[in-house]
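Visitor: Right, I'll just put the structure down here and ask away after.
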Amino acid sequence: MKFFHSVRWRLQLWHGLLLVLALAGFGFTAWELQRANQLGRVDRELEERMGIVEGAMKPDKPPADDRSPQPGKIRLSPREQNLFDGMPGQVFYYAIWLRDGQQTGASASAPADIPRPGQMPGPPVFRSRAALRECFHDTPSGECVLVGRDISDEIAGIRRIAWLLAVAGGAVLGLGLAGGWWVAARALRPISEISATAKKISAGDLGQRIRPTDSESELGCLATDLNHTFAELQGAFERQARFTADASHELRTPVAVVLAQTQSALTRERPAGEYREYLEACQRAAGRMRGIIEDLLALARLDSAGSKPVAEPCDLDRIVRETVELLGPVAAECDIRLDLSPARCIGDSGQLARAVSNLISNAIQYNRPGGSVRITLDGGTDDVTLSVSDTGQGIPPDDLPHVFERFFRADKSRSSAKGHAGLGLAITKAIVDSHRGTIDVVSEPGRGSTFTVKLPARPKA
Ligand code: ADP
């Protein structure tokens, strides 16, 4: 059954059930209090008259005429008699039985067939018989005295109240259910909105967002969080698409070089020297392709979910020294100054060496002729800070936020001519991120740039 799975119906069912229980409890209590109140009033009247009847049975009661009352017989004054037979609309009656069960007296208003109550010494006992309310008890001398009254009016009144309570309860239930339905519909409206938006997004419209109705409510917060997630996903999809396009574009150039060179070499017979030149051009293009593919593979590995770097103690100062030594031939024109203090961190020394190498080779690459590179390393108990400063061309402020993006090159034509694909800093950032570190850059065009990497010295929880 579909509606048993609907949250709205389930809420409505629970709400209805609780409302019915609360109204029934309230109605029953109100009805019971009213009934007890009415019967209590009748019972007090009965007790009062029971006292009068018992008083009239006492042998020492002054006789209403010259004779003394016999056991089980009573003598009521006319005023007392009036309390039983003479009140229009409120007919009280009494009946008296001897110990042996024989009825010895009854008022004229008493019904003919009153069953004798069982022996009941002690305080008066009350009972209801059809539309009659009766009070009885045994006197010390053994007679049973019963006083009663017709309570049809009270029963009709109690029934009226029961009907009133039922009608009022029904109205409140109806209103409560309608109100609950409206509140549930309002509260759950964002869910329909979320579901409609999710459907549009899954159909390919990534720009769709949920219109949050009440951003303070739980569902409003959920809508805001989902919108944030959708924006992240859209960004990731767009980055992915751009990345694929950029990768294809980067690979297209060396492939075009290989095709053009081979085509041109094969147009006619050539001397061996010329073939060699064509082959060398193809080799350079293939080497460039290999570089790009290796970088892409490195990024894919770093991106893959769950990939964690090896966590081994690394001497960052040793890594920096070795990298500078390796780059020595490239850095011939640069004055590289080192200011290294011993710094240990936890991570993958191979990946960290690649990140350090990217930063230092950029500082050399984008430096001015005769410029200098300063590398400082500070080892702390919590963090290790590496900074690479150069005296090069710097990075324009507009480009600064993009330098860590994949395939970004501030000066496209110059960089690609030198075989730079714009993946170095993206790889460096991915490595630093995977080590739970941070990387920042400050740059002043014409004066130089400083890249600062912070890595945790201890594994982070
Ligand atoms: P590339 O392979 O092109 O060097 P990177 O990702 O290493 O790719 O760098 C991206 C871009 O950032 C470079 O093309 C360059 O424009 C800029 N850049 C990186 N490092 C420096 C630096 N030290 N000085 C000036 N510009 C830099």
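Visitor: Could you tell me whether Arg160 is among the charged types (D, E, K, R), without any contact (Cβ under 8 Å) to a residue 12 or more places away in the chain and either surrounded by fewer than 18 Cβ atoms within 10 Å (Cβ to Cβ) or under 23 Å from Gln81 (Cα atoms) (or both)?
Guide: It is true that Arg160 is among the charged types (D, E, K, R), without any contact (Cβ under 8 Å) to a residue 12 or more places away in the chain and either surrounded by fewer than 18 Cβ atoms within 10 Å (Cβ to Cβ) or under 23 Å from Gln81 (Cα atoms) (or both).
Visitor: A follow-up question, please. Among what's in region 188-212 and is in contact with a Ser or Thr (Cβ under 8 Å, 6 or more places away or on another chain) and within 16 Å of Val7 (Cβ to Cβ), pick the residue that is least open to solvent (accessible area, probe 1.4 Å).
Guide: Pro190
Visitor: Mind checking which residues of region 262-278 are open to solvent by less than 50 Å² (accessible area, probe 1.4 Å) and within 21 Å of Gly291 (Cβ to Cβ)?
Guide: Passing the criteria: only Tyr278.
Visitor: If you go through region 202-237 one residue at a time, how many are out of contact with any helix residue (DSSP H, G or I) (no Cβ under 7 Å at 6 or more places or on another chain) and part of a helix (DSSP H, G or I)?
Guide: Going through region 202-237 one residue at a time, the tally reaches 16.
Visitor: Would you mind telling me which numbered condition in (1) of a type outside the set (Asp, Glu); (2) more than 14 Å from the ligand (Cβ to nearest atom); (3) over 52 Å from the mean Cα position of the chain (by Cα) Val373 fails?
Guide: Condition not satisfied by Val373: (2).
Visitor: In region 346-370, how many residues are outside any helix (DSSP H, G or I), open to solvent by 40 Å² or more (accessible area, probe 1.4 Å) and more than 11 Å from the ligand (Cβ to nearest atom)?
Guide: Count: 3.
Visitor: For region 443-455, give me each residue that is open to solvent by 30 Å² or more (accessible area, probe 1.4 Å) and either away from the ligand (no atom under 11 Å from the Cβ) or outside the structural domain of Gln393 (by TED's automatic domain parsing) (or both).
Guide: The answer is Thr452, Lys454.
Visitor: State which residue pairs qualify: first residue hydroxyl-bearing (Ser, Thr, Tyr) and part of a loop (DSSP other than H, G, I, E, B) and inside region 416-432, second residue within 6 Å of the ligand (Cβ to nearest atom) and modelled with pLDDT of 95 or more in any location, beta carbons under 6 Å apart, and separation of 6 or more residues or different chains.
Guide: none
Visitor: Within region 133-157, which residues are out of contact with any helix residue (DSSP H, G or I) (no Cβ under 9 Å at 6 or more places or on another chain), part of a strand (DSSP E or B) and open to solvent by 10 Å² or more (accessible area, probe 1.4 Å)?
Guide: Once the filter is applied, which keeps residues that are out of contact with any helix residue (DSSP H, G or I) (no Cβ under 9 Å at 6 or more places or on another chain), part of a strand (DSSP E or B) and open to solvent by 10 Å² or more (accessible area, probe 1.4 Å), region 133-157 yields Asp138, Asp150.
The rows are residues; the columns are (1) at positive phi; (2) surrounded by fewer than 13 Cβ atoms within 10 Å (Cβ to Cβ); (3) among the hydrophobic types (A, V, I, L, M, F, W, C).
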site: Gln283; (1), (2), (3): no, yes, no
site: Pro313; (1), (2), (3): no, yes, no
site: Ile319; (1), (2), (3): no, no, yes
site: Leu326; (1), (2), (3): no, no, yes
site: Val330; (1), (2), (3): no, yes, yes
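Visitor: Report yes if some residue within region 412-424 is at pLDDT 90 or above, open to solvent by 20 Å² or more (accessible area, probe 1.4 Å) and within 23 Å of Ile336 (Cβ to Cβ); otherwise report no.
Guide: yes
Visitor: Filter region 97-110 down to the residues that are surrounded by 13 or more Cβ atoms within 10 Å (Cβ to Cβ) and farther than 18 Å from Glu48 by Cα and list them by number.
Guide: Answer for region 97-110, where residues must be surrounded by 13 or more Cβ atoms within 10 Å (Cβ to Cβ) and farther than 18 Å from Glu48 by Cα: Trp97, Leu98, Arg99, Gln103, Thr104, Gly105.
Visitor: Here's a follow-up. Tally time: how many residues in region 332-345 are open to solvent by less than 20 Å² (accessible area, probe 1.4 Å) and not small (Gly, Ala, Ser)?
Guide: 1
Visitor: Within region 380-405, count every residue that is at pLDDT 90 or above, among the charged types (D, E, K, R) and either open to solvent by 80 Å² or more (accessible area, probe 1.4 Å) or near the ligand (Cβ under 6 Å from one of its atoms) (or both).
Guide: Of the residues in that region, 2 qualify.
Visitor: Let me ask you something else. Output the residues belonging to region 116-129 that are assigned to a loop (DSSP other than H, G, I, E, B), in contact (Cβ under 8 Å) with a residue 12 or more places away in the chain and surrounded by fewer than 17 Cβ atoms within 10 Å (Cβ to Cβ).
Guide: Result: Arg116, Gln119, Met120, Pro121, Gly122, Pro123.
Visitor: Look at region 183-193 and say how many of its residues are in contact with a helix residue (DSSP H, G or I) (Cβ under 6 Å, 6 or more places away or on another chain) and among the aliphatic types (A, V, I, L, M).
Guide: So the count comes out to 2.
The values are calculated or read from the model by the stated rules, or taken from the named source; none is laboratory data. Treat the numbers as computed from the prediction; the structure is a model and nothing was measured. Glycine also receives a Cβ, built like all others from the backbone with ideal geometry; neighbour counts cover every protein chain displayed. What goes into the accessible areas is simple: the full protein's heavy atoms, side chains included, and nothing from ligands, DNA or RNA. Shrake-Rupley method; radii C 1.70, N 1.55, O 1.52, S 1.80 Å.
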